[in-house]
Each structure stands twice: as structure tokens, then as C-alpha cells.
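Just so it is clear, none of the values below were taken in a lab; they were calculated from the coordinates. None of these values were measured; they are calculated from a predicted model. Quick reminder, even Gly has a Cβ in these numbers, built from the backbone with ideal geometry, and neighbours come from all protein chains shown.
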Amino acid sequence: MSCQPGVNVEWDAVLAHRPDDVRAQVAERFIACGVTPDQVAAVLADMGDDLYAAATSGDEHWAETYGGGLAVALLSAEVSSLAAHLNSRASAVRAVAVDGLLEDFSAVTVAAHLGVSRQKIYGVARGSVNGPFIKRAPRGGHA
């Protein structure tokens, strides 16, 4: 995943979960709101926990800490984008594992162990870990 025109290395790194062709647009939206790559990285590292705590704090000015409502909306969308990326990556890993299990066990057996129908197991087994997935999820305060 190479750096796109208009996106510096910091933005490229913090938005690595995004497809190459949209990173510049996403970075430009953050820049327009005054949000830095470090701020995005911090929100992604805790998967939005601090944003959620602030939003539920009862403080009517909670969003100002993050640059205002628009910045919070963009940051929250980025948490969602990362979560979707990690979900896709996990599904790809599961597909490879299930495909391997089907070499040794019947579809009925594998499906029963995973709690899905026999018909569904063949769909679960389709997939590849060769997609444009990030190698490591952002790290934060989670164990």
C-alpha cells in the first residue's frame, strides 16, 4: 500500500486500513477540520472508547475536545471503517481455516462445531487472506 499523491506518510500509515484510492480524500476531510494524523491514530488505538465516553458524559461541550461535531463525526466514521476492515480480515482468516477443516472433516461436522448450517459452511470457506489487509491492528489500551 503505497503513499498516494496528496497524502503524506503519516496519513498513509494511519489510514492504512482504507483502500489506496480513497486515502487522499479521507485525509483531506480530516485536514479541513484541523484533525491531525496523531489524533486519528489515538482514536483508532482505543477503537473510539474515549469518544464514546465523552459522548455519554453529559457534558454539552464534549465534542469540542476533539475539534467539534464534524471532527467527531469523521473520527467515528474512521473507527467504523477500521472495524469493518478488521471484520473482513477476520472473515478471511476464518475462511482459510474452514477450507482446511473441510479437507479433513465433513461439512456437517465442521458446521456443527461452528454453529452454522451445512449449507452455510461452503460459503464461509470461500475467501482468501491475500486481500489488501493491514498486517497489525492499531494498538492502544486494550489487552
(request) Kindly point out which whole DSSP H helices in the chain project their C-alpha atoms 18 angstrom or further along the helix axis while averaging a Kyte-Doolittle hydropathy of -0.5 or above. (result) 20-32, 69-104
(request) Fewest Cβ neighbours within 10 Å first, please rank Lys135, Lys120 accordingly. (result) Lys135, Lys120
(message) Can you show me the helix-derived [θ] at 222 nm for the chain, built from DSSP H runs with n ≥ 4 at -39,500 (n - 2.57) apiece and divided by the number of residues, rounded to the nearest 500.
(response) -19000 deg cm²/dmol
(message) Quick check: pseudo-label points 7 Å beyond the Cα along Cα→Cβ at His113 and Ser88, how many nm apart are they?
(response) 2.9
(message) With a 10 Å cut-off between alpha carbons and a GNM built on the chain, which of Arg29, Arg89, Arg126 moves the most?
(response) Arg126
(request) Note down the magnitude of the dipole of the chain about its Cα centre, charges +1 on Lys and Arg C-beta and -1 on Asp and Glu C-beta and zero elsewhere, to the nearest 20 debye. (result) 740
(message) Show log10 I(q)/I(0) for segment 9-124 at q = 0.14 Å⁻¹, two decimals, from a solvent-free Debye sum over equal Cα scatterers.
(response) -0.68
